[in-house]
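The values are calculated or read from the model by the stated rules, or taken from the named source; none is laboratory data. Note that the coordinates shown come from a computational prediction; the quantities given were computed from them, not determined experimentally. Cβ placement follows ideal geometry from the backbone for every residue including glycine, while neighbour counts extend to all protein chains displayed.
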Amino acid sequence: MQQKQLPGGGTIDAIGLGLWDFGGGDSPDYGRDDADLAAIHNAIAIGYRHFDTAEYYASGHSEELLGRALRDYQRSDFFVTTKVSPSHIRYDDLLAACDRSLQHLQTDYIDLYLIHWPSETIPLSESMRAMNHLVAAGKIRHVGVSNFDLPLLQEAVRLCDTPLAANQVHYNVLHREYMQNGVITYCQAQGILVTAYSPLLDNVLAHKTVQAIAQQHNVTGAQVALQWLIQQPQVITIPKSSNRLRQQENWGADTVVLSAEEIDQLNQLA
Ligand SMILES: NC(=O)c1ccc[n+]([C@@H]2O[C@H](COP(=O)([O-])OP(=O)(O)OC[C@H]3O[C@@H](n4cnc5c(N)ncnc54)[C@H](OP(=O)(O)O)[C@@H]3O)[C@@H](O)[C@H]2O)c1
């Protein structure tokens, strides 16, 4: 799997597994545990080593399932991202949320900890003070944000004692909001990772240009859409799939080689 450089040192797989809808939706659904755990183990067998979850997902049960699955492996072989919800980003709340996530994940550190959404009421300086404390305490390795526009992202960079590692945003072939608002260009200039979420949504797979390019290469539309993302500097992505064949398909996007002309065609879609 192609690696991308993390600001502040280390590397990360360009394709990880998104764990929204694992363990339930907004609330836990314990009845699916066996299937969800099997899906995580399938992903690991395919080669996935980078996982994306959040305290919000199934109210912590997505984190719990990942923790249970990773118990059987060497922790240092994996890269775990989780996120603190905006309702928990006051200083003390954030420290407590991190401890809960560590407990759910059955680990003593989080590789990348993100502020899931900005808050309209809590000053970012307070949240970033807590994030800096967590890095100094060794509980998190890298600090990041999610759904941050350019002015907020620049403020986060200023307030972070360590190089801000990532902004996780909605980005795909047909959704270019964060390209249009300057976030992606800024991240690329600063070496900050852009984690593209929902890489396959917005009817990307049905688009005729995506389909035509896929046919040319004898690959799938999903593979074209994912490769288009990860061939961009600093861009990584976290497609979610509970299905072994689709996990395998998405993993295989890494080896698709798009021509400059095809990339140009895809660039023009939005
Ligand atoms: N930071 C944020 O605010 C935020 C917001 C949204 C998402 N995220 C993260 O980003 C991850 C991915 O985003 P997402 O879940 O919204 O969307 P996505 O990964 O683009 O799409 C997931 C959907 O596509 C299906 N799928 C997966 N691979 C496929 C393939 N090869 N062909 C056809 N269908 C396929 C999945 O179904 P099956 O499971 O049945 O394959 C699922 O229904 C999430 O899991 C989460 O970790 C973060």
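Checking the condition away from the ligand (no atom under 16 Å from the Cβ) and over 30 Å from LEU200 (Cα atoms), which residue from LEU150, LEU134 passes?
Answer to the selection: LEU134.
Among residues belonging to the stretch 161-186 that are assigned to a strand (DSSP E or B) and either farther than 16 Å from MET131 by Cβ or at pLDDT below 95 (or both), point out the one that is nearest to the chain's Cα centre (by Cα).
By that ranking, first place goes to VAL169.
Looking only at helices (runs of 4 or more DSSP H) that fall completely inside the stretch 187-270, which ones have 3 or more residues that are under 19 Å from the mean Cα position of the chain (by Cα) and crowded, with 16+ Cβ neighbours inside 10 Å?
Passing ranges, in order: 221-230, 244-251.
Out of ALA156, ALA196, I need the residue that is over 20 Å from ILE15 (Cβ atoms), within 16 Å of the ligand (Cβ to nearest atom) and in contact with a helix residue (DSSP H, G or I) (Cβ under 7 Å, 6 or more places away or on another chain). Which one?
Just one listed residue meets the conditions, ALA156.
Please work out if LEU174 is in contact with a helix residue (DSSP H, G or I) (Cβ under 6 Å, 6 or more places away or on another chain) and buried (at least 20 other Cβ atoms within 10 Å of the Cβ).
So LEU174 does not fit the description; no.
Would you check if there is a residue in the stretch 79-99 being in contact with a Lys or Arg (Cβ under 7 Å, 6 or more places away or on another chain) and more than 20 Å from LEU134 (Cβ to Cβ)?
no
Can you run down the residue pairs with Cβ atoms below 9 Å, 6 or more apart or on separate chains, where the first is in the stretch 169-184 and at positive phi and the partner is aliphatic (A, V, I, L, M) and not in a loop (DSSP other than H, G, I, E, B)?
Qualifying pairs under 9 Å: GLY182/LEU150.
For the stretch 66-78, check the following and say yes or no: at least one residue is in a strand (DSSP E or B) and either modelled with pLDDT of 95 or more or more than 19 Å from the chain's Cα centre (by Cα) (or both).
No, there is no match, as no residue in the stretch 66-78 is in a strand (DSSP E or B) and either modelled with pLDDT of 95 or more or more than 19 Å from the chain's Cα centre (by Cα) (or both).
Please determine whether any residue of the stretch 114-124 is surrounded by fewer than 21 Cβ atoms within 10 Å (Cβ to Cβ) and not in a loop (DSSP other than H, G, I, E, B).
So far as the stretch 114-124 goes, yes, one or more of its residues are surrounded by fewer than 21 Cβ atoms within 10 Å (Cβ to Cβ) and not in a loop (DSSP other than H, G, I, E, B).
Does SER85 fit the bill of being over 24 Å from VAL169 (Cα atoms), at pLDDT 95 or above, surrounded by fewer than 21 Cβ atoms within 10 Å (Cβ to Cβ) and of a type in the set (Ser, Thr, Tyr)?
no
Which residues, taken from the stretch 41-56, are closer than 23 Å to GLU249 by Cβ and either within 17 Å of the chain's Cα centre (by Cα) or within 13 Å of the ligand (Cβ to nearest atom) (or both)?
ASN42, ALA43, ILE44, ILE46, GLY47, TYR48, ARG49, HIS50, PHE51, ASP52, THR53
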